[in-house]
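I have placed the structure first, in the form of structure tokens, so that the comments after it can refer back to it.
The values are calculated or read from the model by the stated rules, or taken from the named source; none is laboratory data. All values reported here derive from a predicted model rather than from experimental measurement. No Cβ is skipped: glycine too gets one built from the backbone with ideal geometry, and neighbour counts run over all protein chains shown.
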Amino acid sequence: MIQSPCSRSRPRLMVSANPGNQSMRFTTRTRSMATLCAAAALLLSACSNPMEDVRVTLCKDLVRIKRGDEVVWKDVRTETPGYNDAVVQLNFSASGNDGSAACYYAYNAVDDTALALSDPLSSYSTSPSKMQLDGRTLPRPELAEAVKQAMIKQGRSFVDGVRNFLK
């Protein structure tokens, strides 16, 4: 089991050189570790689902933006067919109607690495090269605008998470 640096750190205490002052102080290293732990907690609190791949999250956000209504996810599948495009396939229900979407991500790795073996989607681009929504392929300019809107939405969500953390 891998432990985070936050759980392994042990505060090193220093006694003040003044014998009359019995207060304890944390060292600079301990302060740095505390800052690192706080930053990690902040970043994790701002993530909507840290276990979901960014490609899946982006594809879901694209569907929400293009549909403009509340979406309930029924099925999420990913396919990584070697050096061909990875596909994130979503089945959902929105406004009482069933729908489907597929986001295609281009292969983007130079070499096969251990990371690619443990996380096959890491070898693919993080922005879709093509998207189909309810059987219709989005034109490139429309897809680019939807990706832009999704990035703005994710940025706002991150800032809101930071604000909530600091309250």
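Summed over segment 79-110, the residues that are among the β-branched types (Val, Ile, Thr) and free of Cβ contacts under 8 Å to residues at least 12 places away in the same chain give a count of 1.
Of all residues in segment 120-156, those that are part of a helix (DSSP H, G or I) and of a type in the set (Ser, Thr, Tyr) total 2.
Annotation: of all residues in segment 54-88 being among the charged types (D, E, K, R) and more than 26 Å from Ala109 (Cβ to Cβ), the one that is surrounded by the most Cβ atoms within 10 Å (Cβ to Cβ) is Lys66. Exactly one residue among Thr126, Thr113 is touching a residue at least 40 places away in the same chain (Cβ under 8 Å), of a type in the set (Ser, Thr, Tyr) and in the same structural domain as Asp85 (by TED's automatic domain parsing), and that residue is Thr126. Flag: Leu36 does not match the condition of being outside any strand (DSSP E or B) and either in the same structural domain as Glu145 (by TED's automatic domain parsing) or modelled with pLDDT of 95 or more (or both). Yes or no: Val159 assigned to a strand (DSSP E or B) and of a type outside the set (Asp, Glu)? No; evaluated as a whole, the condition is false for this residue. I need the full set of residues from segment 133-157 which are hydrophobic (A, V, I, L, M, F, W, C) and surrounded by 14 or more Cβ atoms within 10 Å (Cβ to Cβ), in order please. Answer for segment 133-157, where residues must be hydrophobic (A, V, I, L, M, F, W, C) and surrounded by 14 or more Cβ atoms within 10 Å (Cβ to Cβ): Leu133, Leu138, Leu143, Ala146, Val147, Ala150.
The listed residues are Leu166, Leu115, Leu121, and the only one of them that is touching a helix residue (DSSP H, G or I) at 6+ places or on another chain (Cβ under 7 Å) and exposed (fewer than 13 other Cβ atoms within 10 Å of the Cβ) turns out to be Leu115. Is there a residue being over 18 Å from Lys60 (Cα atoms) and assigned to a helix (DSSP H, G or I) anywhere in segment 108-115? Yes, segment 108-115 contains at least one residue that is over 18 Å from Lys60 (Cα atoms) and assigned to a helix (DSSP H, G or I).
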